[in-house]
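Okay, so here's the structure we're looking at.
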Amino acid sequence: MTDCVAIVIVSHSLDVARGAADMVREMVGNEVPVAFCGGNPAGGLGTDVAAIQAAIESVYRPKGVALLVDLGGAETNSEVAIELLPEAMRGHVTICNAPIVEGAVMAATEAAGGASLETVRATAEEFLS
Amino acid sequence: MTDCVAIVIVSHSLDVARGAADMVREMVGNEVPVAFCGGNPAGGLGTDVAAIQAAIESVYRPKGVALLVDLGGAETNSEVAIELLPEAMRGHVTICNAPIVEGAVMAATEAAGGASLETVRATAEEFLS
Amino acid sequence: MAPDDLRDLIARSAATIAAHEEELTSLDRAIGDGDHGANMKRGFSAVAEQADALAGLPLGEALQKAGMTLIMKVGGASGPLYGSLLMAMGKALPDGGPADLAGVAAMLAAGVEAVKARGKSDAGAKTMLDVLVPLARALQSADAGTAAAAAIATARRTADEALAATRDMKATKGRASFLGERSIGHLDPGARSSALLVHAACDFLEDRS
Amino acid sequence: MAPDDLRDLIARSAATIAAHEEELTSLDRAIGDGDHGANMKRGFSAVAEQADALAGLPLGEALQKAGMTLIMKVGGASGPLYGSLLMAMGKALPDGGPADLAGVAAMLAAGVEAVKARGKSDAGAKTMLDVLVPLARALQSADAGTAAAAAIATARRTADEALAATRDMKATKGRASFLGERSIGHLDPGARSSALLVHAACDFLEDRS
Ligand SMILES: Nc1ncnc2c1ncn2[C@@H]1O[C@H](COP(=O)(O)OP(=O)(O)O)[C@@H](O)[C@H]1O
Ligand SMILES: Nc1ncnc2c1ncn2[C@@H]1O[C@H](COP(=O)(O)OP(=O)(O)O)[C@@H](O)[C@H]1O
Ligand SMILES: [Mg+2]
Ligand SMILES: [Mg+2]
Ligand SMILES: [Mg+2]
Ligand SMILES: [Mg+2]
């Protein structure tokens with residue numbers, strides 16, 4: 001089996017995150033590890049740094065982890081979550097500046113081919129451009 | 001009450017569509033009519049022309065309806081759904097070339113200010129550009 | 001077309017799709033989302049369920065109605081594409097049915113144009129159009145006097161070769177385009193379903209003649 | 001800082017946020033998603049629950065821990081921003097606590113820089129930074145000999161004026177930026193919560209002195 005970059009989907013909405021992960025799995029099956037989280041620590045719309053960290057760690061691999069996030073707070077909280085990772089992991093985790101749903105499908109499709117984290121990110125970021 | 005452009009969210013995943021609609025409502029309350037649909041006619045991932053048509057009709061107003069869609073099939077099926085609308089409606093319904101989740105929030109925020117359909121669409125399409 | 005003939009054509013089309021559901025699915029799993037078999041089966045089963053109603057209609061209307069059913073039932077990108085194909089063919093049908101091969105070719109050409117418009121696409125993008133466009137072209141360029149059997153053989157051969165040619169193409173439309181270079185080396189699922197439908201139609205024509 | 005003092009400061013901060021939850025929410029409803037009250041209350045309640053543990057720590061560590069709690073509990077963009085503020089202030093705390101106004105001002109300035117970095121933002125974007133930046137500047141530019149009471153009065157006045165000035169600003173960061181021109185005419189929720197926290201700190205300092 002090819003070593004693939006993993007995908008983490010971080011939305012304000014758990015429904016969006018779960019649905020996007022379903023779409024990713026439909027496209028790439030189980031080849032590409034996918035984790036997702038959504039909702040604030042109280043379960044409302046928002047994001048949760050601990051949940052983001054846990055999602056990243058659940059699929060972490062040195063090949064890399066690409067995060068897809070939605071609006072502002074999801075990005076800021078994801079940045080914090082990455083900084084809180086053990087130092088050895090940090091450099092292998094990146095946030096894609098891409099739409100969450102479309103970017104996740106594109107990133108995962110690229111990841112399925114064994115592409116590097118840089119390429120996966122670039123592909124996600126190409127979307128709509 | 002201002003007359004606002006309505007938003008319709010069409011995803012391959014009902015979860016994505018529902019969650020995006022939640023995010024929209026959190027941002028704009030009930031000022032802006034929002035409808036959503038997702039899933040193929042059998043309930044799997046995909047889209048359903050009849051459901052898209054019903055979603056559009058449920059929020060239709062002459063001020064306009066902006067659709068946010070995800071991947072290819074959602075767009076094609078939305079185009080067909082629009083063509084199947086009564087002729088008087090057709091010209092007031094448009095698909096935004098924008099990411100589904102981020103575009104829906106942006107479009108709805110613009111719509112809440114009473115903006116025209118053209119402006120709502122332009123705002124959604126600005127995202128990430 | 002006699003009602004029984006149309007019933008037969010519908011049944012053959014639905015049967016070949018059902019028989020190849022797995023194959024279509026696995027082709028789509030390789031370069032798409034793995035639902036083309038289920039999508040096509042759902043659509044053609046729905047058309048087959050309407051066979052009696054369709055058989056009672058003039059052919060042009062039947063084609064349009066079947067196209068609308070595909071549009072409403074398939075749930076994937078292929079639905080509005082095959083639906084547009086049938087609807088445009090139905091609309092292009094001359095009163096009293098196509099008189100000759102040129103008439104059939106013209107109908108098909110009208111259908112193919114509708115698919116191009118709906119898909120914002122053309123041949124070369126590794127899609128069903130890579131079967132449909134060469135097929136329409138082959139029938140249009142056949143001599144007026146071509147015998148039915150020869151035309152059928154041309155259609156079969158053209159579809160098979162065109163399908164095979166999708167293997168080395170890079171997808172630039174539809175989901176397979178997400179794979180970029182990696183879409184090369186696989187047949188396109190929609191091209192495969194188009195070829196299956198061409199063979200079903202040819203079988204029907206042969207057995208009728 | 002004595003353990004009881006820190007407990008008091010935490011209690012006052014949490015109390016003012018709780019008392020103004022509705023107001024923060026309605027400000028955020030006008031130009032955001034209407035959760036700033038709930039977000040801040042969740043964060044500061046969590047800090048208040050840790051008050052005993054925090055009170056037992058050196059102030060710098062307590063600030064860092066409280067900052068981390070905000071980061072983990074708020075759930076909105078304001079969480080990592082206020083969290084970074086406290087963490088950077090805690091890190092900048094000189095051994096033995098700030099000796100004078102200049103020391104406090106330097107800590108705050110370090111905190112504000114962290115908010116800027118975390119938010120990729122600065123004053124003028126209609127955010128909490130439009131209170132925090134002028135406040136840090138006012139304290140830094142106060143004369144070395146400024147009496148505590150005067151410094152407190154300056155802090156209050158600066159925060160109030162800075163908050164009021166956010167009304168006419170157009171948001172260019174955070175969700176309110178989605179509203180463009182329509183963000184004008186409303187106070188920024190995060191600027192309001194910052195001003196509330198400044199007043200709580202001033203109340204605390206006044207009552208302690
Ligand atoms: N824009 C397009 N133009 C022409 N054909 C297309 C286009 N997009 C997709 N197709 C065809 O549709 C097929 C996929 O159909 P299907 O799997 O049922 O839908 P989906 O891609 O939505 O899952 C592709 O193999 C291709 O032949
Ligand atoms: N990039 C940023 N830089 C500085 N402050 C920001 C930024 N984004 C948001 N804020 C502040 O956060 C406040 C909103 O916080 P909150 O409502 O809790 O989070 P969210 O916007 O995720 O719902 C805004 O009013 C603003 O003051
Ligand atoms: Mg498919
Ligand atoms: Mg599909
Ligand atoms: Mg908010
Ligand atoms: Mg929020």
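The values are calculated or read from the model by the stated rules, or taken from the named source; none is laboratory data. Computed from a predicted model, the values in this text were never measured in an experiment. Positions of Cβ are generated from backbone atoms using ideal geometry, with glycine treated the same way; all protein chains shown enter the neighbour counts.
Residues of region B:84-109 that are touching a residue at least 24 places away in the same chain (Cβ under 8 Å) and over 16 Å from B:ILE56 (Cβ atoms): B:ASN97, B:ALA98, B:PRO99, B:VAL101, B:GLU102, B:GLY103, B:VAL105, B:THR109. Restricting the first member to region D:15-37 and to residues that are farther than 21 Å from B:GLY29 by Cα, and the second to residues that are hydroxyl-bearing (Ser, Thr, Tyr) and more than 16 Å from ligand 4 (Cβ to nearest atom), the beta-carbon pairs closer than 7 Å and six or more apart or on different chains are D:ILE17/D:SER193.
Per the conditions (1) surrounded by fewer than 20 Cβ atoms within 10 Å (Cβ to Cβ); (2) within 14 Å of chain D (Cβ to nearest Cβ); (3) of a type in the set (Asp, Glu); (4) within 26 Å of C:PHE178 (Cα to Cα), the sole criterion not satisfied by A:GLU83 is (4). Exactly one residue out of C:ALA155, C:ALA159 is in a helix (DSSP H, G or I) and farther than 30 Å from B:LEU45 by Cβ, and it is C:ALA155. So A:SER78 fits all but one of (1) within 11 Å of chain D (Cβ to nearest Cβ); (2) surrounded by fewer than 19 Cβ atoms within 10 Å (Cβ to Cβ); what number is the exception? Exception for A:SER78: condition (2). Looking only at region D:137-148, decide whether some residue is under 20 Å from the mean Cα position of the chain (by Cα), among the hydroxyl-bearing types (Ser, Thr, Tyr) and in a helix (DSSP H, G or I). No, because not a single residue in region D:137-148 is under 20 Å from the mean Cα position of the chain (by Cα), among the hydroxyl-bearing types (Ser, Thr, Tyr) and in a helix (DSSP H, G or I). The requirement of being of a type in the set (Ser, Thr, Tyr) and modelled with pLDDT of 95 or more is fulfilled nowhere in region D:142-149; no residue meets it.
Count of region C:172-209 residues, restricted to those that are among the small types (Gly, Ala, Ser), assigned to a helix (DSSP H, G or I) and within 12 Å of another protein chain (Cβ to nearest Cβ), is 5. Highlighted here are the helices (runs of 4 or more DSSP H) found entirely within region D:1-108 that include at least 1 residues which are more than 16 Å from ligand 4 (Cβ to nearest atom), within 14 Å of chain A (Cβ to nearest Cβ) and over 20 Å from A:ALA51 (Cβ atoms): D:21-31, D:36-49, D:59-73, D:78-92. Looking at A:VAL34, is it more than 28 Å from D:ASP33 (Cβ to Cβ), touching a residue at least 24 places away in the same chain (Cβ under 8 Å) and away from ligand 1 (no atom under 16 Å from the Cβ)? So A:VAL34 does not fit the description; no. Looking at D:SER84, D:SER45, can you tell me which residue is among the hydroxyl-bearing types (Ser, Thr, Tyr), surrounded by fewer than 24 Cβ atoms within 10 Å (Cβ to Cβ) and free of Cβ contacts under 8 Å to residues at least 40 places away in the same chain? Checking each option against the conditions leaves just D:SER45. Taken over region C:128-163, the criterion of being among the β-branched types (Val, Ile, Thr) and in contact with a Ser or Thr (Cβ under 6 Å, 6 or more places away or on another chain) is satisfied by C:VAL131 alone. Residues in region B:43-66 that are modelled with pLDDT of 95 or more and within 14 Å of another protein chain (Cβ to nearest Cβ): B:GLY44, B:LEU45, B:GLY46, B:THR47, B:ASP48, B:VAL49, B:ALA50, B:ALA51, B:ILE52, B:GLN53, B:ALA54. One residue stands out in region C:153-171 among those that are surrounded by 19 or more Cβ atoms within 10 Å (Cβ to Cβ) and more than 10 Å from ligand 1 (Cβ to nearest atom): the one that is nearest to the other protein chains (Cβ to nearest Cβ), namely C:MET169.
Beta carbons closer than 8 Å, at least 6 apart along the sequence or on distinct chains, pair a first residue in region A:5-23 that is within 10 Å of A:ALA104 (Cα to Cα) and at the interface with chain B (Cβ under 7 Å from one of its Cβ atoms) with a second that is among the β-branched types (Val, Ile, Thr) and surrounded by 24 or more Cβ atoms within 10 Å (Cβ to Cβ) for A:ALA20/A:ILE9; A:ALA20/A:ILE100; A:ALA20/A:VAL101; A:ALA20/A:VAL105; A:ALA20/B:VAL16; A:MET23/A:VAL101; A:MET23/A:VAL105; A:MET23/B:VAL16. Scanning region B:25-48 for residues that are more than 16 Å from ligand 3 (Cβ to nearest atom) and under 18 Å from B:THR94 (Cβ atoms) yields a count of 6. One residue is enough: does region D:67-79 have a residue meeting the conditions hydrophobic (A, V, I, L, M, F, W, C), surrounded by 23 or more Cβ atoms within 10 Å (Cβ to Cβ) and under 12 Å from the mean Cα position of the chain (by Cα)? Yes, because at least one residue in region D:67-79 is hydrophobic (A, V, I, L, M, F, W, C), surrounded by 23 or more Cβ atoms within 10 Å (Cβ to Cβ) and under 12 Å from the mean Cα position of the chain (by Cα).
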